[in-house]
Amino acid sequence: MGSSSRKDSGEQNQQSNGQKKFYHKGDNFVAKSQECVLTAELESKEKKSEVILIVDDTPENLLVLFSFLEERGFKVLLAEDGESALQIAQSKAPDLILLDVLMPEIDGFETCRRLKEKPLTKDIPVIFLTALSETVNKVQGFRLGGVDYITKPSEQEEVLVRIETHLSLQRMRSTLAKKNQELKQKLDFEALLRRITDKLRDSLNENQILQTVTKELAQLLELGSCQIELYDLKQETATIAYEKTITLPQSEGTIRNIPDFPEVYKQLLEKHPVQLVEKTPQFSPQDIQVTRLACPIFDDSGIIGNIWGLKPPAEVFTNLEIELIQQVASQCAIAIRQARLYQASSQQVAELARVNRLKDDFLKTITHELKTPLSSIHLAAETMDNLLATQKNPHKSPTFKRVIKIFHDSYNRQKQLIDDLLTLCYVDAKSSNVKLQPINLHLWIPDLVKLYLARATEQQQQLILNLAKEELHISTDPIMLERILKELLHNAYKYTPSGEIITIQTEADKSNVSVCVINTGVEIPVEQQELIFNQFYRIPNNDPWKYAGTGLGLALVKKLAEILQATIDVESKNEQVMFCIRFPIAGD
């Protein structure tokens, strides 16, 4: 026999009554933070009549009980045999079953046994129905899981009382089981929180912190995906820094623009959790909606990012789960701050160590550089004394001329070194006194280069001018620009092997006018290129005194370029080094 039930009038208005208010943004539906319980949860709480399945092979008995119980407000399902009863119970999950003991083919005891074997029906209370004249083994019925017997014919009020009693007991058992489940879940959550807190406390690695949080939450809450996104400094974007995903493709590294989701991030940036229902294009079909929860990661210093969790369609995050993720987010914020402070401190310590190494190297270098000209002067003075003591006309001696040259060269070298030191110390103060004036590079550079032609010839190097076809004009301080080019040319002469080429090149594009010094036959390793403008830094070589220098020249070049509102860069490849100073064109 089929089934019959009375429709609840409120059920027809279920969708309209249970409908929540949502903000709409594209395919996203965002619930207000104070309305974190979604429509599915509201529907589960809707009051409904309890369902009773009556199983009896006598139609008269079915009709009598059906009419009586339906008048008392129950929804009644009917079945005339055990097979029908099993099918209806499996599909409709009634709250209680009235089961006739003696039926053809499958009797009540066998039907009860099968009901208790299946997970969906094993907890449904079963009350056996038996005629007064029937001899049955009631003990067997109780052993099979029955909760009571009703003898036919029976008083209808007695039937009602027994039904209500067992339904009440079932509700209490269900409530107790739910409370026990909630208690167990709460204990599990507290254990998880302690475990995560311990792991986070022991870690100063930010990536490890993110991995721990996403993995633990995804496993315990059985999430389809758990992600942690971090804001940039201006809170304009949020990047998925780490994720643990099961049902979705990897999206680690994805960047979300905050302005594209104002309803969501407005609440998150105000430190409120948000629960969403949204379509997920990664699913097929793509109109499947999923539930997402976002909890902000923040502390007293501000907001860092958010923890995102995903659940399958029609599931929602409970208040207990939301509370757990919020607590984990708080611990995560503390751990991330500690990790970042440790990282910053480590970088500062490393930087201090590097600066100390540079300082020690500089002191050794400057000591050598200061002693070298003094030693030359001392030796020249001794030679001069000897000439004056042994020769009548010492100034006519070739040795005298060489000694005089040593005096001049040593003086110039000492003066240059001191000038470099003083200029580097006070270059920032000089920036306010810079007077820019227009110069024509086509006229200015050839005059400057004349001083270096003889030196290039002496060192068997070739000096070439490669000036742009059109005349290039810039506004600059000629003295500072001359100092920059002299330093770059000095380095080029010093490091360019014999037979190689030094080129001075000018060029212009839409943004800059560039003056470049290029030398061949040598190359600067990539890892050194970012360091050569640092104070005291010198490119390592086997003989630190092979090329005189303090490591101040290029640092000075960079500072002077900044004062002139220009930039300096270096490129080295294919046995060539190119330094370019670039002046922005006015209006760009």
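The values are calculated or read from the model by the stated rules, or taken from the named source; none is laboratory data. Only a predicted model underlies this, so the values are computations on that prediction, with no experimental measurement involved. Heads up, the Cβs are rebuilt from the backbone with ideal geometry, glycines too, and the neighbour counts pull from every protein chain shown. Ligands, DNA and RNA are stripped out before the accessible areas are found, and what is left, the full protein with its side chains, is counted by its heavy atoms. Shrake-Rupley method; radii C 1.70, N 1.55, O 1.52, S 1.80 Å.
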**Q.** Cα centroid separation - segment 228-258 against segment 318-353, whole Å
**A.** 17 Å
Q. Hey, what's the per residue convex hull volume over the C-alpha atoms of segment 448-499, in cubic angstrom?
A. 85 Å³
Q.
For Val522, what residues show an amide H to amide H distance below 5 Å, using hydrogens built from the backbone and excluding near sequence neighbours?
A. Gln576, Val577
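Over segment 49-104, with every protein chain in place, what whole percent of the accessible area is carbon and sulfur at 1.4 Å, could you tell me? Could the numbers behind the result be given before it?
Values: 1090 of 2150 Å².
Roughly 51 percent, rounded to a whole number.
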Q) When the Karplus curve 6.51 cos²θ - 1.76 cosθ + 1.60 is applied with θ = phi - 60°, which whole-Hz ³J(HN,Hα) does each residue of segment 259-273 get, with x for Gly and Pro? A) x, 6, 10, x, 5, 5, 6, 4, 5, 5, 5, 8, 6, 10, x
Q) Taking the Cα centre of segment 436-540 as the origin, how large is its charge dipole in debye, to the nearest 20, when only Lys and Arg (+1) and Asp and Glu (-1) carry charge on their Cβ atoms? A) 240 debye
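With a 1.4 Å probe and all protein chains left in place, how much accessible area per residue does segment 170-232 have, in Å²?
Working: 3700 Å² over 63 residues.
Averaged over the residues of segment 170-232, the accessible area is 59 Å².
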Q | Residue-wise HN-Hα coupling along segment 89-96, computed from phi with Karplus coefficients 6.51, -1.76, 1.60 (Hz; x: Gly, Pro) | A | 4, 5, 8, 9, 6, x, 7, 7
(Q) As an exercise, identify the chymotrypsin sites (Phe, Trp or Tyr not before Pro) in segment 288-396 lying in DSSP coil whose Cβ has no more than 14 other Cβ atoms within 10 Å. (A) none
Q. Near Pro438, within a Cβ-to-Cβ distance under 15 Å, what is the net charge of the other residues, with Lys and Arg +1 and Asp and Glu -1?
A. -1
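Highest mean first, how do 106-112, 465-471 rank when packing is the count of other Cβ atoms within 10 Å averaged over residues? Please list the in-between numbers first.
Values: 106-112: 21.1, 465-471: 11.6.
Answer by packing, highest mean first, reads 106-112, 465-471.
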Q) Roughly how many nanometres apart are two label points built 7 Å out from the Cα toward the Cβ at Phe142 and Phe407? A) 12.9 nm
(Q) Quick check: net charge around Gly146, other residues with Cβ under 14 Å of its Cβ, Lys/Arg +1 and Asp/Glu -1? (A) +2
Q: Give the residues of segment 85-101 whose amide nitrogen is closer than 14 Å to a point set 7 Å from the Cα of Thr58 in the direction of its Cβ.
A: 99-101
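Classify segment 41-132: rounded, prolate or oblate, from the alpha-carbon gyration tensor (a ≥ b ≥ c, eigenvalue square roots; a/c under 1.5 rounded; otherwise prolate if a/b is larger than b/c)? Walk me through the numbers before you get to the answer.
Numbers: a/c = 2.36, a/b = 1.28, b/c = 1.84.
The shape class here is oblate.
Say the cut-off is 27 Å between C-alpha atoms; which of Lys494/Lys559; Lys364/Lys494; Lys179/Lys266; Lys92/Lys179 go over it? All intermediate terms of the calculation are to be shown ahead of the outcome.
Values: Lys494/Lys559 22 Å; Lys364/Lys494 21 Å; Lys179/Lys266 36 Å; Lys92/Lys179 25 Å.
Pairs exceeding the cut-off: Lys179/Lys266.
In whole percent, how big is the carbon plus sulfur part of the accessible area of segment 381-521, probe 1.4 Å, protein atoms only?
Numbers: 4590 of 8390 Å².
Taking all protein chains in place, segment 381-521 shows 55 percent carbon and sulfur surface.
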Q: Provide the per-residue ³J(HN,Hα) series for segment 308-313, in order, calculated from phi with Karplus coefficients 6.51, -1.76, 1.60 and θ = phi - 60°, each as a whole number of Hz, with x at glycine and proline positions.
A: 10, x, 10, 10, x, x
(Q) I'd like to check one number: the per residue accessible area of segment 447-542, probe 1.4 Å, reported in Å² as a whole number. (A) 53 Å²
(Q) Applying a 10 Å radius around every beta-carbon, put 523-533, 476-486 in order of their mean neighbour count, most first. (A) 476-486, 523-533
Q | Cα centroid separation - segment 120-182 against segment 398-419, whole Å | A | 116 Å
Q: Arrange the residues Leu370, Leu217, Leu451 by how much accessible surface each exposes, largest first, with a 1.4 angstrom probe.
A: Leu451, Leu370, Leu217
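So what is the orientation-averaged projected area of segment 158-291, using the convex hull of its C-alpha atoms, in nm²?
Values: hull surface 50.4 nm².
Value for segment 158-291: 12.6 nm².
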**Q.** Whole-number accessible area per residue in Å² for segment 267-401, which is evaluated in the context of all protein chains at 1.4 Å
**A.** 55 Å²
Q: First compute the accessible area of segment 207-359 with a 1.4 Å probe, then give the percent of it belonging to carbon and sulfur atoms.
A: 51 percent
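Considering only the other residues whose Cβ falls under 10 Å of the Cβ of Pro296, what net charge follows from Lys and Arg at +1 and Asp and Glu at -1? Working shown, then result.
Numbers: positive: Lys271; negative: Glu270.
Residues near Pro296 contribute 0 overall.
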Q.
Using a Cα-Cα cut-off of under 15 Å, which aspartates and glutamates could be cross-linked to Lys469, ignoring same-chain neighbours fewer than 8 residues away?
A. Glu507, Asp509
